[in-house]
Amino acid sequence: MERRWAGWVLLGIVAAAFFAGCGDNPLGRKAISGQVTLNGEPLGSGSIEFTPLAEGGVGSGGLIESGAYSIAADQGLPPGKYRVSIIDNPPAPPLPAGHMPGDPLPPPPKPLIPANWNSKSEQTIEVKPEGPFTFNFDIKTK
C-alpha cells in the first residue's frame, strides 16, 4: 500500500515540475515598447512590425499611437534579431465642399515614412534575453 502512495506522490511531483516548466511563455517572449519619431516629432499613428531574421522565428507587431508603441509579453518577441518595418497612417484629406455620395474621392495622402522603413526595411534590432526591451526609432526625411 505504501508503494502505491509513493507512486502517486512521485507522479504528482513530476507533473508539477512539468507544468511549472511549461509556463504561459514557452518561447521566452519579452514585452517590447518604445517611441517612434518622424523628424523629431512623435509619429501620429501607424504600425510597427518585427520580422525575425532567423528562419522559423516568431515575429510580432503593434500599433503606434502618438509616437508610442507597446507589445505585451504574451505577444512580444523572443530573443533574436529582427527586421523593423514602420508604416504611418496619415489622416485622410477632408471631402471637398458639396461632395455627394458617388463623387470621386480625393487621392489618399502620401505616406510620410520613407520606403527604407517599410517592407523593404534594412533597419534591425536584437532582443537579448537580459534586455533592454525598449527600442526607439527616429526617422529622418530631411
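The values are calculated or read from the model by the stated rules, or taken from the named source; none is laboratory data. Not measured: the values here are computed from a predicted model. Backbone-built Cβ (ideal geometry, glycine too); neighbour counts: all protein chains shown.
Here are some notes:
- Residue identified as of a type outside the set (Lys, Arg), over 24 Å from SER66 (Cα atoms) and surrounded by 10 or more Cβ atoms within 10 Å (Cβ to Cβ) among PRO104, PRO114, PRO109, PRO96: PRO96
- Some residue of region 33-52 being under 22 Å from GLU130 (Cβ atoms) and either without any contact (Cβ under 8 Å) to a residue 40 or more places away in the chain or of a type in the set (Lys, Arg) (or both): yes
- Residue in region 84-91 that is in a loop (DSSP other than H, G, I, E, B), surrounded by 12 or more Cβ atoms within 10 Å (Cβ to Cβ) and in contact (Cβ under 8 Å) with a residue 60 or more places away in the chain present: no
- The set of residues from region 117-142 being loosely packed, with under 14 Cβ neighbours inside 10 Å, among the hydroxyl-bearing types (Ser, Thr, Tyr) and in contact with a Ser or Thr (Cβ under 7 Å, 6 or more places away or on another chain) comprises SER119, THR134.
- Scoring SER85 on the criteria (1) out of contact with any helix residue (DSSP H, G or I) (no Cβ under 9 Å at 6 or more places or on another chain); (2) modelled with pLDDT of 85 or more leaves a single failure, condition (1).
- For first residues located in region 94-111 and outside any loop (DSSP other than H, G, I, E, B), partners that are of a type outside the set (D, E, K, R) and lie 6+ apart or on another chain with Cβ distances below 6 Å do not occur.
- Flag not set for LEU77, criterion: farther than 20 Å from LEU63 by Cβ and of a type outside the set (S, T, N, Q).
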